[in-house]
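Take a look at the structure set out below.
The values are calculated or read from the model by the stated rules, or taken from the named source; none is laboratory data. Keep in mind it's a predicted model, so treat the numbers as computed, not measured. Note: ideal-geometry Cβ built from the backbone for every residue, glycine included; neighbour counts use all protein chains shown. Ligands, DNA and RNA are excluded from the accessible area calculation, which covers all protein heavy atoms including side chains. Shrake-Rupley method; radii C 1.70, N 1.55, O 1.52, S 1.80 Å.
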Amino acid sequence: MDTNQLDFVPGIHSRMLKQQYLLCFKGKFSQDITMSLLSMTESRLSKEGTELSIKKKVFHIMMGCLQTICSTNEESSNQKNAIFMIGKNEKEFFIYSGNMIRKETVAELKKKLVMLNVMDAKDLKNLFKTIITTVASDEISASELALIDIARKSGRKLEYDIREVDEEFSFFSMRTVITQLN
């Protein structure tokens, strides 16, 4: 093995220490795994004395990220590579999520992400309300609704990356930042 292939390891370790990762998971997501991750996060945030409003926001966004991963879980037998991490520093929580998506869905996903990132808080709220009250449940996916909700609750633009993996799949990753109130 070429040792240059491992040059990134010290950087990852340094970042993990700096951002105080609370939870990391890589693998295939299921309802049981999702419930366990939610429970472990709740317990960890409570032990750390995280302010209730921040805990609710972290928990809500976390559920949206997990919903996005799980809603594409059935599309791919290659979901063993899905990831989910929560980290923090003195001022912010970071939620990282990533999963395989079919290449034919990439263009539409990018279009939706760009649209969400140009909307302000009021537009996002109105879009969410409109979808909940008027769009038939078979016309919008759970992941689309979760992305809208993540953008609403975080109050920030969605940070994402989509990388081609092979002829059939790409890897969609997202980073969500939640600022702690002081």
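So that you can scan it fast, the table gives a plain yes or no per residue for (1) open to solvent by less than 70 Å² (accessible area, probe 1.4 Å); (2) touching a residue at least 24 places away in the same chain (Cβ under 8 Å); (3) β-branched (Val, Ile, Thr); (4) not in a strand (DSSP E or B):
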residue: Ser39; (1), (2), (3), (4): no, no, no, yes
residue: Ile54; (1), (2), (3), (4): yes, yes, yes, yes
residue: Met62; (1), (2), (3), (4): yes, yes, no, yes
residue: Ile101; (1), (2), (3), (4): yes, yes, yes, no
residue: Phe128; (1), (2), (3), (4): yes, yes, no, yes
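Confirm whether Met85 is open to solvent by 10 Å² or more (accessible area, probe 1.4 Å) and modelled with pLDDT of 85 or more. Criteria met by Met85. Residues that are under 16 Å from Leu109 (Cα atoms) and not in a strand (DSSP E or B) within region 166-175 comprise just one, Glu168.
Looking only at residues that are assigned to a loop (DSSP other than H, G, I, E, B) and under 20 Å from Ala107 (Cβ atoms) in region 130-156, which one is nearest to the chain's Cα centre (by Cα)? By that ranking, first place goes to Ser141. In this structure, is Leu66 under 22 Å from Gly155 (Cβ atoms) and open to solvent by 10 Å² or more (accessible area, probe 1.4 Å)? No: the conditions fail for Leu66. Going residue by residue through region 109-118, is there one that turns out to be polar (S, T, N, Q), closer than 19 Å to Gly155 by Cβ and within 16 Å of the chain's Cα centre (by Cα)? Checked against the condition, which is being polar (S, T, N, Q), closer than 19 Å to Gly155 by Cβ and within 16 Å of the chain's Cα centre (by Cα), region 109-118 yields at least one hit.
Within region 1-38, if we keep just the residues that are under 17 Å from the mean Cα position of the chain (by Cα) and of a type in the set (Gly, Ala, Ser), the residue that is modelled with the highest pLDDT turns out to be Ser36.
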